[in-house]
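The values are calculated or read from the model by the stated rules, or taken from the named source; none is laboratory data. Note that the coordinates shown come from a computational prediction; the quantities given were computed from them, not determined experimentally. A quick note on method: Cβ atoms are made from the backbone with ideal geometry, for glycine too, and the neighbour counts reach across all protein chains shown. The accessibility values were calculated without ligands, DNA or RNA, using every heavy atom of the protein model including side chains. Shrake-Rupley method; radii C 1.70, N 1.55, O 1.52, S 1.80 Å.
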Amino acid sequence: MIELTVTDDAEAAARACAARIAAAIESARAQRGVAHVALAGGSTPARAYELLAGRAGDWRDVHLWLGDERCVPLDHPDSNSVLVRDTLLAHLPAGRPQPILHRVERAGDGDPPAAADAYAAELRASVPGETTGGPASAGHMAGSGTPPFPVLDFVLLGLGEDGHTASLFPDDPALEERERLVVAVRRRKPPPDGVTFTLPLLRAARATVVLTAGAAKAQAVAATLAPPSAHTPASLLGIGATVELIADRAAASA
Ligand code: 6PG
């Protein structure tokens, strides 16, 4: 199920998003002593990250992951880890506990499948999965031999004009993936190569927000709220999961 939250403008959408992330971090740490949060790339979340830096004072035991990454060198301006570094980490008070940013260390090696596998292994080693009762178990076939999916506490995603989210593009074979956590993909926006979390991993999260703004996204918002279709990957996020789509009035205008 995908629930729409409409805000007056992009700034209010960013503020609401920052509040969701800060609350998810607090509750995860209160319940499990650690928080695993996946962040989005693209341009829209930048303001939310700046606001989040000002909101959450204590980043102890917070692990930050990237729901997708572009296969460029780690210090390249197109890198999503550079976005998080410059709009969130750079604004955190020095001398205080910092979050751990799990970059896709092999993103710039020119071997996207190896970068995806390495990131998946790091996720498996760091983020606990659930075999009973948790969201992850919903799709987990008991006895299937596939280990349970890691359960992230919070996932933030963006939305492309074509309805893509993370680096899951319309009608892409990656949408069919049922076992792997992270796969390499050919992106339909530059840069051409990327790695992305798969739908089962995204759906296993405890909370998911899709953040978008601007009239250019209005058709994609409407398609995301329509019955699930591989033509609109974001619409598939709500199968077996509850997702909040935060959009400003312009993006929710269709
Ligand atoms: C990426 C993103 C991608 C992004 C959308 C929206 O790495 O490019 O993860 O899914 O969220 O393309 O991008 P904008 O916010 O720039 O419109």
Problem set entry | Subset tally (residues that are within 9 Å of the ligand (Cβ to nearest atom), crowded, with 21+ Cβ neighbours inside 10 Å and small (Gly, Ala, Ser)) for region 34-60 | 2
For this session: Could you tell me whether region 169-179 includes any residue that is open to solvent by less than 50 Å² (accessible area, probe 1.4 Å) and within 11 Å of the ligand (Cβ to nearest atom)?
Result: yes
Exercise. Would it be correct to say that Ala12 is open to solvent by less than 40 Å² (accessible area, probe 1.4 Å) and either modelled with pLDDT of 95 or more or away from the ligand (no atom under 16 Å from the Cβ) (or both)?
Worked result: yes
For this session: From Arg103, Arg20, Arg85, grab the single residue that is without any contact (Cβ under 8 Å) to a residue 24 or more places away in the chain, under 18 Å from the mean Cα position of the chain (by Cα) and buried (at least 16 other Cβ atoms within 10 Å of the Cβ).
Result: Arg85
